[in-house]
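One structure is given below, encoded as structure tokens.
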Amino acid sequence: MSLSDRKIKILQAIINDYIATAEPVGSRTIAKKYDFGLSSATIRNEMSDLEEMGFIIQPHASSGRIPSDLGYRLYVDSLMQQRDLVDKEKSYLHGMVAENVNQIEYLMEETAKMLSTLTNYTTIISEPIIKSTRLKKIRFMSLDEKNVMIIIAADGNIVKNHMAKVDYLPNDDELYSISCVINECLEGQIMESIDLAAVDMLYTNLSGYDELITATLRAIEKTVRSAEKLQLHLSGAKNILAFPEFSDVQKAKSLIQTLEDKESLKALLSTKTVDGKDLQIYIGNENGIEEMKDCSIITTSYKFADNITGTIGILGPTRMNYSQVVSVLNAMAKNIENVVSNLSNQSDKEKNDS
């Protein structure tokens, strides 16, 4: 049985109505709301065919129909129309560009909050996974007589802070001079494979500060290890509980527990480009997590540089507003790349000016 234009129109009407109301859709509703020129009986027959084909289901014997995962899949692949950003969404994105964001971690946190506010869904963002990156600057900040903060800045506006305890901590002027020598030796080197000759030069040129040099090299190693791990930012976890699909206490509890499980979140974001498309949509059972079978997740990747990428995901009920989320996600990915590009250009200008 093939999908005629009439069946497609009725399926699209069911999906649009159910996304808006969360109520099963009956033939009378479609006949009244949509000018198809069809009787309720004719629509009812077409709905029976659509149910037999697996595109819609009847949750209760006396209720209307709701889309199935297969129905949503047809919708997002073939029927969904891309929409433009509304003024509120444009305003949020413009505000993000205007923010003085100078660290990737802060940028990811703010992006997650913004997306969950814009969509009323749950946002999951991974920090960039760095395959290899170059060291830009190292700075020290004394905290007390024995504790120092070692600040590591790398390409892609990656900044990591590490605490170290030393038996002898130089004064602030000495720390500045030491950082200048270290930066002269190590700046621009790939952190995963720092030149041993440069390390030997450090110990030679900074004789008497071996403990601080060793702590600095350990901080660089920790930065590399943390960059290789998937760092996640979650926002709006409770948003999804506002939808009637999750009014059941046990279902809601299971979902929240899953959202608190980092391995589950990593699985949701471990998407790959398919058919050359960065943006991917996983509907219901497609996401492979039993507790999220009533959810869909839309993901896209963002790029900071050739070797630095991350993923943004928005999680909602299967009747989520796919068109809105796709538009917002695409715009946000571009926006992140623009923000980071502006930061990099600003950093390069400051470097040249100095």
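Calculate one ³J(HN,Hα) per residue across the stretch 312-325 by plugging θ = phi - 60° into the Karplus curve 6.51 cos²θ - 1.76 cosθ + 1.60, and present them in order as whole Hz with x for glycine and proline.
Each residue's phi maps through the Karplus curve to give 10, x, 10, 10, x, x, 4, 8, 4, 7, 4, 4, 5, 5 Hz.
Could you give the length gained by full extension between residue 180 and residue 141, i.e. 0.36 nm per residue of separation minus their alpha carbon distance, to one decimal place?
Gain in length upon complete extension: 12.7 nm.
Given labels modelled 7 Å from the Cα in the Cβ direction, how far is it in nm from residue 337 to residue 58?
Placing both labels 7 Å along Cα→Cβ, they lie 4.8 nm apart.
Quick check: Cα centre of the stretch 207-222 to Cα centre of the stretch 2-70, how many Å?
After rounding, the separation between the Cα centres reads 67 Å.
Of the listed pairs 137/165; 160/238; 113/137; 90/334, which have alpha-carbon separations greater than 22 Å here?
160/238; 113/137
Quick one: length gained pulling residue 200 to residue 23 fully straight, 0.36 nm per residue minus the C-alpha distance?
Numbers: separation 177, 0.36 × 177 = 63.72 nm, distance 7.03 nm.
Stretched fully, the residue 200-residue 23 segment lengthens by 56.7 nm.
Efficiency by 1/(1 + (r/R0)^6): what FRET value for residue 172 and residue 270, r their Cβ-Cβ distance, R0 = 41 Å, to the nearest 0.05? Walk me through the intermediate numbers first.
Working: r = 45 Å, r/R0 = 1.09.
About 0.40, to the nearest 0.05.
Can you list the HN-Hα couplings for the stretch 69-79, worked out from phi with the Karplus curve (6.51, -1.76, 1.60; θ = phi - 60°), rounded to whole Hz and with x for Gly and Pro?
Per residue, the Karplus-derived 3J(HN,Hα) values read 4, 5, x, 4, 4, 4, 4, 6, 7, 10, 9 Hz.
Quick one: net charge of residue 26's neighbours, Cβ under 13 Å, K/R +1, D/E -1?
Its environment carries a net charge of +1.
Would you tally the net charge around residue 234, using a Cβ to Cβ cut-off of less than 15 Å, leaving residue 234 out, and scoring K and R as +1, D and E as -1?
That works out to -3.
Pop out the ³J(HN,Hα) list for the stretch 182-189 in order, Karplus 6.51 cos²θ - 1.76 cosθ + 1.60 with θ = phi - 60°, rounded to Hz; leave Gly and Pro as x.
So the J values, rounded to whole Hz, are 4, 5, 4, 7, 10, 4, x, 7.
I need the shape label for the stretch 28-181. Rule: rounded when a/c is under 1.5, else prolate if a/b > b/c, else oblate, with a, b, c from the alpha carbon gyration tensor. Mind dumping the intermediate values first?
Values: a/c = 4.43, a/b = 3.53, b/c = 1.25.
Verdict is prolate for the stretch 28-181.
Compute the relative contact order of the chain as a whole-number percentage, counting only Cα pairs closer than 8 Å that sit 6 or more residues apart in sequence.
Reported as a whole number, the value is 19 percent.
Amide H neighbours of residue 57 under 5 Å, counting only residues 5+ apart in sequence or on other chains, H built in-plane at 1.01 Å?
Under 5 Å from the amide H of residue 57: 66, 68.
Taking neighbour counts of Cβ atoms within 10 Å as a proxy for exposure, in what order, fewest first, do 253, 136 appear?
Listing 253, 136 from fewest to most nearby Cβ atoms yields 253, 136.
Counting other C-beta atoms within 10 Å, which of 63, 2, 68 has the fewest, and how do the rest follow?
With the fewest neighbours first, 63, 2, 68 line up as 2, 63, 68.
If the chain between residue 94 and residue 251 were fully stretched, how many nm would it gain, using 0.36 nm times the residue separation less the Cα-Cα distance?
Computed gain between residue 94 and residue 251 is 52.8 nm.
Where in the stretch 1-42 is the amide nitrogen less than 20 Å from a point lying 7 Å along the Cα-to-Cβ axis of residue 120?
14-25
Quick check: from the Cα gyration tensor, does the stretch 5-79 come out rounded (a/c under 1.5), prolate or oblate?
rounded
Over the residues of the chain, compute the C-alpha Rg and express it relative to 2.2 N^0.38 Å. Numbers along the way, then the final one.
Values: Rg = 26.5 Å, N = 354, 2.2 N^0.38 = 20.5 Å.
Here the Cα radius of gyration is 1.29 times the empirical estimate.
Here, each number is a calculation from the coordinates, and none is a lab measurement. It should be emphasised that the depicted structure is a prediction, and the values quoted were computed from it without experimental measurement. Quick reminder, even Gly has a Cβ in these numbers, built from the backbone with ideal geometry, and neighbours come from all protein chains shown.
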